[in-house]
Each structure stands twice: as structure tokens, then as C-alpha cells.
Amino acid sequence: MSEVLQIKDLVTKFSTKKGMVPAVRGVNLSVERGKTLVIIGESGSGKSVTLRSILGLSPQGTEITGSIKFQGDELLVKNEKQIQKIRGNKIAMVFQNSLSAFDPLYRVGKQVEETIKAHRKISRKEAKSIVIDLFREVGIPSPEERRRVYPHEMSGGMRQRAVIAMALACNPDILLADEPTTALDVTIQAQILNLFKKIQKEHGMSIILVTHDIGVAIEMADQIAVMYAGKIVEYGEARQVLSEPSHPYTQALMASTPQKEMSGKIVTIPGQPPLITNMPEGCAFSDRCPYAESACTKASPELDLLTEQHRVACFMQDKMSKEA
Amino acid sequence: MNTILEVKGVSKSFPVKGSFGKSKGAVSAVSDVSFSLKERGTLGIVGESGCGKSTLARLLLRLIEPDEGEVLYRDQDILTLKGRKLNQIKRKIQMVFQNPYSSINPKMTIENNVAFSLWTNGVSKKEARKKANDYLEAVGLPRSYAHRYPQSLSGGQRQRVAIARALVLEPEIIIADEAVSALDKSIQGQVLNLFQDLKKDFNLSLLFISHDLNVVEYMSDEVMVMYLGKVVEKGSAQHIYSNARHPYTKALLNSEPSMKVGVSNLDKHQLIKGELPSPLNPPSGCRFRTRCPHATAQCGNAQLPTIEVNTGHHVACHLWDMGTGSLSQNKQSDVLPI
Ligand SMILES: Nc1ncnc2c1ncn2[C@@H]1O[C@H](COP(=O)(O)OP(=O)(O)OP(=O)(O)O)[C@@H](O)[C@H]1O
Ligand SMILES: Nc1ncnc2c1ncn2[C@@H]1O[C@H](COP(=O)(O)OP(=O)(O)OP(=O)(O)O)[C@@H](O)[C@H]1O
Ligand SMILES: [Mg+2]
Ligand SMILES: [Mg+2]
């Protein structure tokens, strides 16, 4: 099979004053070679924690169970040294707080060069020319000069592009990108997304992309996973999920996107997601869900097939389709 | 409506050093920018990455000193004030930074992060705590988060702490630099609604920087479009969005992706032709002329005027009237595919 990454029953628990609490509660997903999985979902639902779990970048005291297989190889049993070889090389990541990714004391170009040299045996000169090419590809104007600037001398969007360049520097097999184009305007965003697609075509790179921008999801996704309160509540082929969102949370999320020429108040989802220290027994969305019945508060629904390529974790699907 | 903030001819260049510290010229990040912000109004600032939006915001707060210009807060020039007087005004203008991680102290709990600036302004601890919690709740963070530390928060949760921190001082002006871009749409809506309410209830005025043109349209009464450090067009949101006159504004508005499932837009995605010129040596005259499909020899003229084409609608393009048809019909020729 062409699955590059396969995650099974991932549970990530943090140690807090209230004991070990799970931020990710049983996630299953997989990504094929050359394909893109987009994760969308509520703020705090565990998207970033899932990505960091893959790279072994969780804080001390975190407990991770389940299985994360990269090219058939179990990552959760690897030690730090083994993981380091893979991280930044075969699996690259663009972090959500990428604006602080660079060391303020060193020139940006230098830092990208060092990353390349850490994983590949090449000369300074070669590294330098790779950096210039990469900077050009991510749309940093005058890359020869920009290499030399310090992080604070770059605008927010430029720094973000430099971080993306750094992630792509070693031709990773899989790119984990957490809101990579958040601070970019649409033209540059399009350029970056096109670049991702080009690299996918040329090198078969796989991508897990976290975004809250439905437009980006539409452009990029082969598969979509919708997360809520540490679980995937809807999962499947992108076109099906986006054109027929079936979980009440996905539906509400799609409805709260500000549209052109909108006035009045933006529709938001009333209420708040449950705290990870206080997860309900039943469906975590039930107290905000317009369709919820008592069954929803008693047990937590599992992902169920809706069609061959589309799964949803919701007890009320029959009721919803009747009402529709 | 009264003007609360008036900015006149503000400029800032950053010197650029080459190898061995030799000067290689200067980046003209903000050049001769003027605008006014009305009380309870929202001015949206848009423009490509690197056009000077964040620099402009920092100049207004004197986080960096401008080379020239005036920034009048209720007729007092912030740029000439010092000491206590300056601090009093600074308190009334709060900023939500583009990088929220830089403004949050990782060693303090969330509650203390938000309450801290109140204490330093002489509010009692108890009162400061209460206020901090009220605002944390208003941005959608549960009370039980108050005692957690920033590292244990998700990206969107931290962003909301930064917003609460700016709001808690109940400022008269908020400068929001990409303040909601990291939030999922439902939370984003909640925060935007909150801004709207505060405008009504507390006479808040907003300077709203964002690359999301839909959000800017929704939030703003007035919009200012920047290109390479300069204002190319400003006016009411309605004028800008339905009757843009500057070729750059039109190209920018055209680049919005459509939201149709199953259709990829990227290939056809219309980008403004050419590369953003280096801000090291910006083109003379109109800085957009090197990428403008309508540019003439005259556009290089340093003395190009800004034209008021409608009440309050200013355009820095002498060709603004040129065949309204060809410019406003979103012709393919305005922009080229990448
Ligand atoms: N080190 C930690 N200790 C305790 N709780 C944590 C820790 N890190 C994250 N959390 C919690 O885990 C949950 C999931 O966080 P995560 O960062 O994955 O959210 P997210 O889905 O990426 O959200 P966003 O869209 O806001 O970035 C959140 O409720 C967060 O507060
Ligand atoms: N301290 C500095 N030293 C040198 N150059 C700087 C400095 N700060 C900003 N610049 C340059 O000034 C220009 C404007 O930067 P600014 O951060 O204001 O852009 P922006 O419009 O906020 O962009 P973005 O949307 O990417 O955040 C950029 O070319 C940037 O590299
Ligand atoms: Mg996150
Ligand atoms: Mg900026």
C-alpha cells in the first residue's frame, strides 16, 4: 500500500494539576504518498497536538499511546536520536507559531543553510544556492539580499515564507504544515499552495495540512478530517465532506465563515467546547448540538460509514437526513 | 463624527547593511502615509505582504520612531510627547500584535498576563483579576483556563489571550494586526462580533489590519490600500469594494479565491504580474507602475497627485478615470496568471 503515514488509536495525555488529561482521544488517520490530508476543526480540538505527537515534540511528562507508523516503521518506539534523523529531513514541519521559529540572533538565510547542512553532506556554497532558489520559489522578493537579514527585519508574511522554505529544504517525504499560510495574502498563499502541489507531483511528497480556512481546504485536500474535542468527528474524501458536511459540528463550522457582502452579526456556534479536564461521557458536541437527544449524552459515537469514502461520528444522522 | 487619530505624512526607512557593515541603502517601509481614524470608526488596512502595515502600526505607538510626520491623538502630537503624558496616551491605544507569542509572558498564568497591565496602571489586584476574567470569557476562553500557562494553550487560545490583554485596559483605540487570522471561523466570528459590540458600548475605534478581504469588508467603515509603503487608495468600504479605482486595488480584489467545492482555482489564480519590486530601490513616482498594465511614461513622475474622485475617496493614480470600463470590468489583461 502507498500509505506513508498511518496513525492508529492515538491518545495524547498531558500531565496537569488535575492529573493526566487527554488532548487527543483516539485518533485514526492515514496519508498516502503524494496526497494531502487537511485537518480542520475547533480551536483547541487537538490538531497541533496530533502533529507534534508524530514528531515526538511533546512536553516532558506527556503520555502517548497507540501507533504512528511512518513508511511502515513505528515512530512511538524510537528514541530521541533516531527521531532526530527523521525530523526536519524525512518529516518536516511548519509550526503554527512559525513567526518565532527563527533565532533572532542569526541571519535568516544562514539558519536555513544550517538546517540543510545538518541533514545533507553539501558545501556552504551549494547550501547557499539552494536557499536562494527556495526563497525565490516561496516568493521572497530579492532573495540574495533577503538571505542576509535578521528575522525581525522581515515582515510577518516574509518570515512565514522563509519558514516554509526551511521545511522544504530537505525534500521531505511528508510535510506537516500547521496553518502555514495564515498570515499570507491570497496571492502569496496561492503561490505557496501551488508550490506544495508542484513538489507533490515531482517528489510524491505527502502533506498533512491544518487550516481553518475552508478555501484552502477546498484547494488542497484529497482527504479531510474534522476534529472536535480531541476526536475526529468526520473523515473522508474531500469533495464529499465539503459538499455534504454531515456532522452537525462540520455544518455549523461551514456556516460561520464570513462571506462577501455580509452584514449584521456573524453566525457563530453558541456555547463552548468541553474542557479537556472535563470530557463528557457522550458526544462532546452534544451540548451545543441542535439535533442532540438523550442518547447523545450517554455514549460517544464512533466514526461510521456514511458512504464508502465518508465517515461520520454522530448518532443523529437518520434524524438529520429526514429533517433535511 | 470626530477624528480620534490623525496621521500626517508619516515615513520610515530602515538602513540596510551589506557584508562588513557597509551601508547598502535603505528599505522605504512606510512613505508619506496620511489618514484619519474616526471615533467609533473602523479603518481597515490591506495590502500585500511586506507593504508596511505592521511598520505603520508600530510607528503609531512609537515602538519605532518615524523619520518624519505627525501622529495626532485628539490634536496632541504623540511623536513630540514624553514621559507621563506619552504613557497616558499610550494606554489608550492598545495593539494586538501579529505574532501573539511575542507579547505573552510564558512565565505568567493566563490570568496574570491579562491582569498585569491593569495592576501596573494602579488597579487593585482583586479588581484587575475580575476584569481579566471577564475579558477572557468574552473572547471565549473558559474560566478554568485562567490559571494555566501559555505553553499549554493551543494557537487560537493564545491568540485570544493577546486580544483579551489589549481589551482589558478598555482603550479608545485598538490596532489589530492580523489579530483574528489564527482563529477558526466560529471563534473568529465571536471575536469580530465582540469588537463590533465594544465599538458601540465603549466608543472603541479600530485600526484593523488583515489580509482577509472579506473580514476587512465586514468590519470596516473605511479602507486604506497600501502598496510598497505608500497609500494607493482610501475611501469608504463601499467605494473601495464596489468602485475601486486604482489598478492595484482592483487586482487585489480580483485575487480572492472563490469558494466552490471541487473546482481548483489555483491554476487560474490571478496574480498581479511580475515580482514585488525590492523596497530597497522602490520605483520613482507611482510604485506600482512596474507591474501596472496601464502604466505610461508619466507614471514615473515623482510629483504625481492623489485625486479625490468622490467625497472621501482618494486615489493615487492619474489614470483613475481611464476608460472606467477597461479598468473596472476585471479584465483578464489587468492581471496575469502565474
Ligand atoms: N502542554 C499542555 N498541557 C496541557 N494542555 C495542553 C498542552 N498543550 C495543549 N494543551 C491543550 O490541548 C488542547 C488541544 O490543543 P491543540 O494545540 O492541539 O489545539 P488546536 O486544535 O491546534 O487549536 P488551534 O486551532 O487553536 O491551534 C487544548 O485544549 C490545549 O489547551
Ligand atoms: N527592523 C527592520 N529592519 C529592516 N527592515 C525592516 C524592519 N522592519 C520591517 N522591515 C521591512 O519593511 C517592509 C515592511 O514590513 P512590514 O512588517 O511593515 O510589512 P507588512 O505589511 O506588515 O507585511 P506582512 O503582511 O507580511 O506582515 C518589509 O520589506 C520589511 O522587510
Ligand atoms: Mg493549533
Ligand atoms: Mg505585518
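The values are calculated or read from the model by the stated rules, or taken from the named source; none is laboratory data. The model shown is predicted, which means the values in this text are computed figures rather than measured ones. Don't worry about glycine lacking a Cβ; one is built from the backbone with ideal geometry, like all the others, and counts go over all protein chains shown. Side chains are part of the model used for accessible areas, which takes the heavy atoms of the whole protein and leaves out ligands, DNA and RNA. Shrake-Rupley method; radii C 1.70, N 1.55, O 1.52, S 1.80 Å.
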Practice problem: Calculate how many DSSP beta bridges within chain A are antiparallel, expressed in % of all such bridges and rounded to the nearest 5. | Solution: 65
Quiz item: Which of A:D185, A:D222, A:D173 moves the most in a Gaussian network model of chain A with Cα springs under 10 Å?
Solution: A:D185
Exercise. Using only alpha carbon pairs under 8 Å that are at least six residues apart, calculate the relative contact order of the range B:3-242 and give it in whole percent.
Key: 27
Quiz prompt | Estimated 222 nm signal from helices in chain A, with DSSP H stretches of n ≥ 4 weighted -39500 (n - 2.57), rounded to 500 | solution = -9500 deg cm²/dmol
Quiz item: Rounded to the nearest 5, what is the percent of antiparallel bridges among the DSSP beta bridges in chain B?
Solution: 65
Quiz item: Where both partners of a DSSP beta bridge lie in the protein assembly as shown, what percent of those bridges are antiparallel, to the nearest 5?
Solution: 65
Quiz item: Put +1 on the Cβ of each Lys and Arg and -1 on the Cβ of each Asp and Glu in chain B; which of B:Q157, B:W320, B:A26 then has its Cα farthest toward the positive end of the dipole?
Solution: B:Q157
Exercise. Order the following by accessible area, largest value first: A:R136, B:R58, A:R33, B:R245. Probe radius 1.4 Å; ligands, DNA and RNA are ignored.
Key: A:R33, A:R136, B:R58, B:R245
Quiz item: Applying 1/(1 + (r/R0)^6) with R0 = 45 Å to the Cβ-Cβ distance of B:N243 and B:A302, what FRET efficiency is obtained, to the nearest 0.05?
Solution: 0.95
Quiz item: What shape does the range A:40-108 take by its C-alpha gyration tensor, where a ≥ b ≥ c are the square roots of the eigenvalues and a/c under 1.5 counts as rounded, a/b above b/c as prolate, and the rest as oblate?
Solution: oblate
Exercise. List the relative contact order of the range A:1-58 as a percent without decimals, with contacts defined as Cα pairs under 8 Å and 6+ residues apart.
Key: 32
Practice problem: Provide the packing ranking of A:56-69, B:88-101, i.e. peptides ordered by the mean count of other C-beta atoms within 10 Å per residue, highest first. | Solution: B:88-101, A:56-69
Self-check item: Loop GluC sites (Glu not before Pro), the range A:221-324 (other Cβ atoms within 10 Å of the site Cβ: 16 or fewer; DSSP)
Solution: A:E261, A:E281, A:E293, A:E302, A:E308
Practice problem: Please give the net charge around A:M205, taking every other residue with its beta carbon less than 12 angstrom from that of A:M205, where Lys and Arg add +1 and Asp and Glu add -1. | Solution: +3
Quiz item: What FRET efficiency do you get for B:E137 and A:M254 if R0 is 22 Å and r is their Cβ-Cβ distance, rounded to the nearest 0.05?
Solution: 0.25
Quiz item: If the cut-off is a Cα-Cα distance under 20 Å, which aspartates and glutamates reach B:K126, setting aside same-chain residues fewer than 8 apart in sequence?
Solution: B:E111, B:D134, B:E137, B:E170
Self-check item: Cα-centred dipole magnitude for the range B:3-242, charges only on beta-carbon of K, R (+1) and D, E (-1), debye, nearest 20
Solution: 1100
Quiz prompt | Test item: A:266-279 mean partner chain Cβ contacts at 10 Å | solution = 4
Quiz item: Hey, which aspartates and glutamates would be in cross-link range of A:K13, C-alpha to C-alpha under 14 Å, not counting anything within fewer than 8 residues on its own chain?
Solution: A:E63
Exercise. Give the accessible area for B:H318 in Å² (nearest 10); use a 1.4 Å probe, count only protein heavy atoms, and leave out ligands, DNA and RNA.
Key: 50
Practice problem: Give the relative contact order (percent, whole number) for chain A; include only Cα pairs under 8 Å separated by 6+ residues. | Solution: 20
Exercise. Might you tell me the accessible area per residue for the protein assembly as shown, computed with a 1.4 Å probe and given in Å²?
Key: 43
Practice problem: May I ask for the equivalent-ellipsoid semi-axes of the range B:115-182, computed as the square root of five times each C-alpha gyration tensor eigenvalue and listed largest first in whole Å? | Solution: 19, 16, 9
Exercise. Mind grabbing the interface size between B and A? I mean buried accessible area, both sides, 1.4 Å probe, in Å² to the nearest hundred.
Key: 4900
Practice problem: Inverting the mean 1/r over all pairs of different Cα atoms, compute the Kirkwood radius of the range A:97-163 and quote it in Å. | Solution: 11.8
Quiz prompt | Calculated FRET value between A:R136 and A:A295, using beta carbons and R₀ = 51 Å, to 0.05 | solution = 0.35
Practice problem: Note down the nm distance, to one decimal, between modelled labels 7 Å out along Cα→Cβ at B:S102 and at B:N121. | Solution: 2.2
Quiz prompt | Within straight-line cross-link reach of A:K18, lysines at Cα separation under 23 Å, skipping those fewer than 8 residues along the same chain | solution = A:K47, A:K231, B:K107
Quiz item: Roughly how crowded by other chains is peptide B:93-99, in terms of the mean Cβ count from those chains within 10 Å of each of its Cβ atoms?
Solution: 2
Quiz item: Taking only DSSP H segments of four or more residues, each worth -39500 (n - 2.57), what value at 222 nm results for chain B once the sum is divided by all its residues, to the nearest 500 deg cm²/dmol?
Solution: -9000 deg cm²/dmol
Quiz item: Karplus couplings for the range A:192-203 from phi (6.51 cos²θ - 1.76 cosθ + 1.60, θ = phi - 60°), rounded to Hz, Gly and Pro as x?
Solution: 5, 5, 4, 4, 3, 5, 5, 5, 4, 5, 6, 10
Practice problem: Express in whole angstrom the spacing between the alpha-carbon centres of the range A:109-127 and the range A:271-298. | Solution: 50
Exercise. Can you pull a Stokes-Einstein diffusion coefficient for chain A at 25 °C (0.890 mPa s), Rh from Kirkwood over Cα pairs, as a whole number of µm²/s?
Key: 117
Practice problem: Would you grab the residues whose amide H sits under 5 Å from the one on A:E32? Only those 5+ places off in sequence or on another chain, please, with H modelled 1.01 Å from N. | Solution: A:V4
Exercise. Measure off 7 Å from each Cα along the Cα-to-Cβ vector at A:E202 and B:H294, then give the distance between these two points in nanometres to one decimal.
Key: 3.8
Exercise. Please get the size of the charge dipole for the range A:73-208, origin at its Cα centre, with Cβ charges of +1 on Lys and Arg and -1 on Asp and Glu, quoted in debye to the nearest 20.
Key: 500
Quiz item: In sequence order, what are the phi-derived ³J(HN,Hα) couplings for the range A:150-163 according to the Karplus relation 6.51 cos²θ - 1.76 cosθ + 1.60 with θ = phi - 60°, rounded to whole Hz, with x for glycine and proline?
Solution: 8, x, 5, 8, 9, 6, x, x, 5, 4, 4, 5, 5, 5
Quiz item: Peptide B:207-216: average number of partner chain Cβ atoms within 10 Å per residue?
Solution: 3
Self-check item: Values of log10 I(q)/I(0), in the order q = 0.05, 0.08, 0.10, 0.11 Å⁻¹, for the protein assembly as shown under a Debye, Cα-only, solvent-free model
Solution: -0.23, -0.61, -0.97, -1.19
Quiz prompt | For the range B:11-66 versus the range B:193-258, the gap between their alpha-carbon centres in whole angstrom | solution = 18
Self-check item: Size of electric dipole in the protein assembly as shown: Cβ of Lys, Arg +1 and of Asp, Glu -1, about Cα centre, debye, nearest 20
Solution: 2100
Practice problem: May I have the extent of the alpha carbons of chain B along their three principal axes, as whole Å values ordered from largest to smallest? | Solution: 65, 53, 50
Quiz item: Given just the C-alpha atoms of the range B:42-122, how large is their convex hull per residue in cubic angstrom?
Solution: 141
Self-check item: Across A:K197/B:K230; A:K8/A:K35; A:K121/B:K17; B:K53/B:K185, pairs whose alpha-carbon gap is larger than 25 Å
Solution: A:K197/B:K230; A:K121/B:K17
Quiz item: Given a 1.4 Å probe and the protein chains all in place, what does the accessible area of B:C299 round to, in Å² to the nearest 10?
Solution: 10
Quiz item: Once the whole set of protein chains is in place, how much accessible area is left on B:S102, using a 1.4 Å probe, in Å² to the nearest 10?
Solution: 80
Quiz item: Under the Karplus relation 6.51 cos²θ - 1.76 cosθ + 1.60, θ = phi - 60°, what is the ordered set of whole-Hz ³J(HN,Hα) values for the range A:53-70, x standing for Gly and Pro?
Solution: 5, 4, 8, x, 10, 8, x, 3, x, 6, 10, 10, 10, x, 9, 10, 9, 10
Exercise. Choose one of A:P151, A:L134, A:N97: the residue whose Cα lies farthest towards the positive end of the charge dipole of the range A:97-171 (beta-carbon charges +1 Lys, Arg; -1 Asp, Glu; about the Cα centre).
Key: A:L134
Quiz item: At a 1.4 Å probe radius, carbon and sulfur cover how many percent of the accessible area of the protein assembly as shown?
Solution: 49
